Amino acid sequence: MRPHGSAVSLEKRRRRAIELLKQGMGLSAIARSVRSSVSSVHRWVQDWRTHGDAALASKPVPGRPKKLSARQQGRLLRLLLQGAIACGYPNELWTLKRIASLIRKEFGVQYHPSHLWRVLQSCGWSCQVPERRAIQRDEEAIAHWKRHKWPAIKQSPKTWRPHRVPR
């Protein structure tokens, strides 16, 4: 399992361990000092003795590389902020399918819409559902209806009483 910390901080830790070794400290004292196991320090020392300072350098992070670079992600965010209409869609609603299509068109990278939310989450975006309100909504008319008509409808016994069932 990879220890916590950035690649740079882990490299600093390995280099510090070798410095302490050069000063004459023992492996267990070095391990306590750099907060590592004795076996790790022993492995670092062996690698350093056989391969030199290059053995202490940061290793690449394991795992599949990202499909979009940081620069491409920044460009994607700028495109998303321009709005869906600016990108050729009929309304301002961004769906995962639309974003996947935009990424395929702009960057030539294929994402499955179900997994695209991870990319958006890493960029600081979250899932949002738009309010379902008409554009033509008249707030004054709605307030008037709620204040004057709704109480009369609500108090009317016809609205809640069951109909008679013929025998």
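Bear in mind that the values in this text are calculations on the coordinates, not laboratory data. All values derive from a computational prediction rather than experimental measurement. Cβ coordinates were reconstructed from backbone atoms using ideal geometry, including for glycine residues, and neighbour counts include every protein chain displayed.
So how do 105-117, 52-64 stack up, highest first, on mean other-Cβ count within 10 Å? Walk me through the numbers on the way to the answer.
Numbers: 105-117: 12.4, 52-64: 9.8.
Highest to lowest by the protection proxy: 105-117, 52-64.
Taking Cα centroids, how far is region 78-148 from region 1-63 in Å?
One Cα centre to the other: 48 Å.
Reachable lysines from Lys154, Cα under 18 Å, same-chain residues fewer than 8 places away excluded?
Straight-line reach from Lys154, under 18 Å: Lys146.
Checking the cross-link filter: which lysines have an alpha carbon closer than 19 Å to that of Lys149, excluding same-chain neighbours under 8 positions apart?
Lys158
Convex hull over the alpha-carbon atoms of region 1-94: what's its volume per residue in Å³? Provide the component values of the computation, followed by the final result.
Details: hull volume 13.2 nm³, N = 94.
It comes to 140 Å³ per residue, whole-number rounded.
Taking the radius of gyration and the Kirkwood hydrodynamic radius from Cα positions alone, what is the Rg/Rh ratio for region 7-56, to two decimal places?
Working: Rg = 9.6 Å, Rh = 10.5 Å.
Ratio of gyration radius to Kirkwood radius: 0.92.
For Lys67, which lysines qualify as cross-link partners when the Cα separation must be under 25 Å and same-chain residues fewer than eight apart are set aside?
Within reach: Lys59, Lys97, Lys105.
For a footprinting-style exposure proxy, rank Ile18, Ile99, Ile85 by other Cβ within 10 Å, fewest first.
Numbers: Ile18 19, Ile99 22, Ile85 11.
In order of increasing Cβ crowding within 10 Å: Ile85, Ile18, Ile99.
Which value at 222 nm does the chain reach when only helices count, each DSSP H run of 4 or more adding -39,500 (n - 2.57), with the total divided by all residues and rounded to the nearest 500 deg cm²/dmol? Mind showing how you got there, number by number?
Values: 8 runs with 82 residues, N = 167.
So the calculated ellipticity at 222 nm is -14500 deg cm²/dmol.
Of the labelled options (1) 1.38; (2) 1.06; (3) 1.09, which one gives Rg/Rh (Cα atoms, Kirkwood Rh) as computed for this structure?
Read-out taken from this structure: (1).
D for region 70-122, whole µm²/s, Stokes-Einstein with Kirkwood Rh over alpha-carbon pairs at 25 °C and 0.890 mPa s: what number?
Details: Rh = 11.2 Å.
Using the Kirkwood radius from Cα pairs, D works out to 220 µm²/s.
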